[in-house]
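Taking it in order: structure first as structure tokens, then the write-up.
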Amino acid sequence: MGVRQHLADLQQKAYVSQTQEERQTRGRPVHLWKLAEKGHQQFPDTHSQVSLELIDVIRSRFGEESLNQLIDHRSARIQDHYQGELDASGDKLEDKITRLCELRSAEGYMAEVRLLPDGWLLIENHCPICAAAESCQQFCRSELAMFQHLLTDLAAVDRVDYLLAGARRCAYKITPEPGPARV
């Protein structure tokens, strides 16, 4: 009850908003909360203005294709780093997902993993590059492609929640591929 009072106070001050009530088979309905714009401002992205200016300059000076190539190059560097980390984490898919979550959290995504009956959910509760991603959604496309590449032959990766489409976070469902048990 104390948490609800704090959340109600934060909602009144416009720091958080409540999602629609979700009915469950048992117990009380579920109410989920997310940061509102004012809440996100409490976690400032001090580099967002510079990033937006650079994106605009690259786009206007060199074109959209050049901007996409730069983002792809950045993603390839991150992917190489992640691949080394995931390779060192062992052969089990669950260990690789856990390590990927740790890497994303270290970069400011406030990531977490939830076990599902048919796989896992990798959740990114914060997007440290949200302003850049809003200006250039190639960042988001590259992120999904990177996750899919990192887990090739082990699992299928699908984005099931997308912050820029109005969801409260980005989330990726990871479903093991049929084959030898590496879970």
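The values are calculated or read from the model by the stated rules, or taken from the named source; none is laboratory data. From a predicted model like this one, the values you see are computed outputs, not experimental measurements. Because the Cβ atoms are built from the backbone with ideal geometry, glycine has one as well, and the counts that use them run over all protein chains shown.
Would a scan of the range 128-138 turn up a residue that is more than 15 Å from the chain's Cα centre (by Cα) and aliphatic (A, V, I, L, M)?
Step one: list which residues in the range 128-138 are more than 15 Å from the chain's Cα centre (by Cα), which gives 135-136.
Filter again for aliphatic (A, V, I, L, M), leaving none.
No: zero hits.
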- Message: If a residue must be among the basic types (Lys, Arg) and either surrounded by 10 or more Cβ atoms within 10 Å (Cβ to Cβ) or under 25 Å from Ala167 (Cα atoms) (or both), how many such residues does the range 42-73 contain?
- Response: 1
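Mind checking which residues of the range 20-41 are within 19 Å of the chain's Cα centre (by Cα), exposed (fewer than 15 other Cβ atoms within 10 Å of the Cβ) and part of a loop (DSSP other than H, G, I, E, B)? Can you show your working first?
In the first step, residues of the range 20-41 are kept if they are within 19 Å of the chain's Cα centre (by Cα); the result is 32-37, 39-41.
Okay, now just the ones that are also exposed (fewer than 15 other Cβ atoms within 10 Å of the Cβ), so 32, 37, 41.
Listed by number, the residues that qualify are Leu32, Gln41.
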- Query: What number goes with the only condition from (1) part of a loop (DSSP other than H, G, I, E, B); (2) over 17 Å from the mean Cα position of the chain (by Cα); (3) not hydroxyl-bearing (Ser, Thr, Tyr) that Ile58 does not pass?
  - Reply: (1)
- Item | Residue check for Asp9: in contact (Cβ under 8 Å) with a residue 60 or more places away in the chain and assigned to a helix (DSSP H, G or I) | no
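Check the range 61-68 and report whether any residue there is at negative phi, part of a helix (DSSP H, G or I) and at pLDDT below 90.
Keep residues of the range 61-68 that are at negative phi, which gives 61-62, 64-68.
Those left that are additionally part of a helix (DSSP H, G or I): 61-62, 64-68.
Those still in the list that are at pLDDT below 90 too: none.
Checking the range 61-68: not a single residue is at negative phi, part of a helix (DSSP H, G or I) and at pLDDT below 90.
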- Taking the range 142-167 and the residues there that are at pLDDT 95 or above and among the charged types (D, E, K, R), the one that is farthest from the chain's Cα centre (by Cα) would be Asp158
